[in-house]
Amino acid sequence: MSGFTPQFRPEHGEATPWTVLRPDGELEPGREAALSDEQLRDACELTLFSRAFDEKGFSLQRQGRFGTFSPVRGQEASVVGAAFALDPARDWVVPQYRELPALLRQGLPLEQFMLTFLGDPRGGAAPEGVNVLPIQIGLAAQLPQAVGLAWGHALQGRDSVVAVFCGDGASSEGDFHEACNLAGTLRAPVVFVVQNNGWAISTPRARQSAAATLAGRAPGYGIPGALVDGNDLLAVHQVVADAVARARAGEGPTLVETLTYRLGDHNTADDASRYQPAEELEAWAPRDPISRVLAHLRTRELWDDAHDTAVRERIAARIDEAVRTVEAMEPPGVEHLFEHVTETLSPRLQGQRAELQAQVRTR
Amino acid sequence: MTRLNMLQAINTTLRGELARDERTLVLGQDVGRLGGVFRATDGLLDEFGPDRVVDMPLAEASIVGAAIGLAAAGLVPIAEMQFLGFSHQAFHQIGAQLARMRYRSQGRFPMPVVIRAPFGGGVRTPELHSEALEAQFVQSPGLSVVMPATPADAKGLLQTAVRSSDPVLFCEPLRGYRLVTGEVADGDAPVPFGKLRVARDGTDVTLVAWSAAVQVAEKAAEALAEEGISAAVVDLRTLVPLDEAGLADAVAATGRCVVVHEAPLSAGFGAEVVATVNDAAFYSLEAPVARVAAPDTPYPPGRIEDHFVPGVDRVVAAARATVKAA
């Protein structure tokens, strides 16, 4: 335990995010990394993986080999920091769609993720034992579901905690408020991670809410809230780890806002240059979540050029392997329209399937 | 067999299912201490405790959303919408989330969720309490839409709903809650989905209805009998899955058909019945299929709702015209 209680305290004020790691890679005085050296190196590798996948995904999408997808770029520390606060064997991740590294850490095969963004229904099939719900496209709809999931585990005496992710845009949805309110009422073991990346596609944070901070709404739900530097992997990890510990101890939910910045497009169909001011991007560049962790690891001699090269080669090979695997798969057919709609197909659906299959055969 | 009204049938069924399977739980607004605004969940809180009969914050989307999560955690939630008319506030959680979670997760997360929702007119409720919205949910693939008309079916279909691994919207005709009584089997008597019920035999015309409209059709059939017209009454019971074969047989047997429902006419489920009859029994028809439905107007205040909800007279007139058509 870090000793940090994730709630607003007068000493750091509502609008001052909790920080552990300074942009230059040095620790804030009096604060320490709650991750072991090994965990820290793994977390760094996962952030690099995520950034590399974003780049590969954009490139493949431009070649017409990959579907529309939403990169994590700029937010890696928020996702990875939170993910490393969870125990994948018993805790759950309920994602929106910008949380690839958290899903990977929970054990989701990369191929599965790629299939989803290729528009292949088989992408939804997370293997049994991988504690994740499917990617969510309807903003904030996953939040009440996460509360129900956490509540359901608690009712059955399991000590599972659910981390649910959404963005600043989703925090304006009715489901967000209903979920926070419900979680507070039930004291459900859930951690809301709101990644405030400054933009809901092109709508800036300032047009999202007049509230000074999104986490500052927490007292209205009767739950603790915490504002954390979302580009600081160690700070996010610490705050979420404390929230997880609280949840596990039966003390209920926490609302965590990670203050971060989406570096570029919302997804591969977007053009952020139409709305993101260049000076804003420049201002955030020195706070890049990856360079920050790398600087810290190098200072502590936990990362050197040889290790860096080895890690990047490993990542590239893994991504290439996944690309080969999904591109070698037989494309889904008519039967995939009907599989898993219901447990058994009604006569009407059986008829529709037969009709479509016959049409495909005569094409 | 025991004689029960609809509410008693639903209440005893919920009690039986909660006792049968400890994974089940009931959640909604006022379902606990009050026992539901209609008392459908009366006594369940005392018997099963607050972890299994749960008064929820007044927020429909989170009631359904939480039910989805509970199901993903391995439980069997039975959620109540206080009135189907309020389900618009949860429509995205029902149609876009619950109904397609099995498909979205490729079978990893089946959704054994039941949403109970009273609906229907004729009892002078305030605005937004009476709307028949069933057709809206029929367009949410993955969701069964169940519309019992009798106490026996309320029990049998609810047992099937709770035991189904797929989500079910279970619409209860509130007008019949205390008025409609009937013999109900004791113990287990699940009624399968997708099998219509022939409520009354007849040879001249087939009246097709569901939920509270079945009683209207039955009364119309009695009135028609006095005129010498023999009307069959068919209760669809479940709109999804639809008993297409049973519907085709029932219509072919008389060659004439009138569909009766409480929802507005345009794109109501009656249109689906007509299209299905066209597909499956067109050449047996001796007259166009008629529809008796509410007008395409907002559900009105109580003092004029009897002009809105189809009554016996309109069904009789439609059946008479259909039988007389060349």
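FYI, it's all coordinate maths here, none of it is from the lab. All values reported here derive from a predicted model rather than from experimental measurement. A quick note on method: Cβ atoms are made from the backbone with ideal geometry, for glycine too, and the neighbour counts reach across all protein chains shown.
Quick rundown of the values:
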quantity: The protein assembly as shown: translational diffusion in µm²/s, Stokes-Einstein, Kirkwood Rh over Cα pairs, 25 °C, 0.890 mPa s; calculated: 90 µm²/s
quantity: Inverse of mean 1/r across different Cα pairs in segment B:151-307, Kirkwood, Å; calculated: 16.5 Å
quantity: Antiparallel bridge percentage (DSSP; both residues within the protein assembly as shown; nearest 5); calculated: 20 percent
quantity: Positive-end residue of B:Cys171, B:Ala9, B:Ala319, charge dipole of the protein assembly as shown with Cβ unit charges; calculated: B:Ala319
quantity: Helix B:60-72 vs. chain B, principal-axis angle (Cα, 0 to 90°, nearest 10); calculated: 70 degrees
quantity: Between helix A:305-328 and chain A: long-axis angle, C-alpha atoms, 0 to 90°, nearest 10; calculated: 20 degrees
quantity: A:Glu55/A:Arg158 FRET efficiency (R0 30 Å; Cβ-Cβ; nearest 0.05); calculated: 0.20
quantity: Volume of the Cα convex hull of chain B, divided per residue and given in Å³; calculated: 123 Å³
quantity: Spatially close lysines, pair count over the protein assembly as shown: Cα under 27 Å, gap of eight or more or interchain; calculated: 4
quantity: With Cα atoms, 0 to 90° folded angle of helix A:233-248 axis to chain A main axis; calculated: 80 degrees
quantity: Average projection area in nm² (convex hull over Cα atoms of segment B:89-221, one quarter of hull surface); calculated: 9.6 nm²
quantity: Theoretical FRET efficiency, 1/(1+(r/R0)^6), r = Cβ-Cβ of B:Met1 and B:Arg163, R0 25 Å, to 0.05; calculated: 0.70
quantity: Separation of the A:Arg90 and B:Asp313 label points, Cα + 7 Å toward Cβ, nm; calculated: 6.9 nm
quantity: Cα-centre dipole for chain B with unit charges at Cβ (Lys and Arg positive, Asp and Glu negative), debye to 20; calculated: 380 debye
quantity: Positive minus negative residues near A:Gln195 (Lys, Arg vs Asp, Glu; Cβ under 11 Å); calculated: -2
quantity: Residues B:Glu222 and B:Asp186, FRET efficiency given R0 of 22 Å [Cβ-Cβ distance, rounded to 0.05]; calculated: 0.15
quantity: Beta bridges per DSSP with both ends in chain B, % antiparallel, nearest 5; calculated: 20 percent
quantity: Neighbourhood net charge (13 Å Cβ-Cβ; Lys/Arg +1, Asp/Glu -1) for B:Gly32; calculated: -4
quantity: Gain on full stretching of the segment that runs from A:Ser291 to A:Gln63 - 0.36 nm per residue minus C-alpha separation; calculated: 79.2 nm
quantity: Rg(Cα)/(2.2 N^0.38 Å) for chain A, N = residue count; calculated: 1.02
quantity: Net +/- balance of residues flanking A:Leu104 in space, Cβ distance below 15 Å, scoring K and R +1, D and E -1; calculated: -2
quantity: Simple spin-label estimate for A:Glu280 and A:Ala317 in nanometres, 7 Å along Cα-Cβ; calculated: 4.1 nm
quantity: Loop trypsin sites (Lys or Arg not before Pro), segment A:112-190 (other Cβ atoms within 10 Å of the site Cβ: 15 or fewer; DSSP); calculated: A:Arg158
quantity: Sorted by Cβ density within 10 Å, fewest first, the residues B:Glu127, A:Glu76; calculated: B:Glu127, A:Glu76
quantity: Compactness of segment B:2-184, expressed as Rg and Dmax over alpha-carbon positions, Å; calculated: 14.9, 44
quantity: Loop trypsin sites (Lys or Arg not before Pro), segment A:20-112 (other Cβ atoms within 10 Å of the site Cβ: 13 or fewer; DSSP); calculated: A:Arg65, A:Arg90
quantity: Approximate spin-label separation A:Glu251-A:Arg298, in nm, with each point projected 7 Å along Cα-to-Cβ; calculated: 3.8 nm
quantity: From the C-alpha gyration tensor of segment A:96-200, square roots of 5λ in Å; calculated: 23, 19, 11
quantity: Near-label residues of segment B:183-210 by backbone N, under 14 Å of a point 7 Å along Cα→Cβ of B:Ser284; calculated: B:196, B:198, B:202-208
quantity: Dimensionless Rg over Rh [segment A:138-225; C-alpha; Kirkwood]; calculated: 0.99
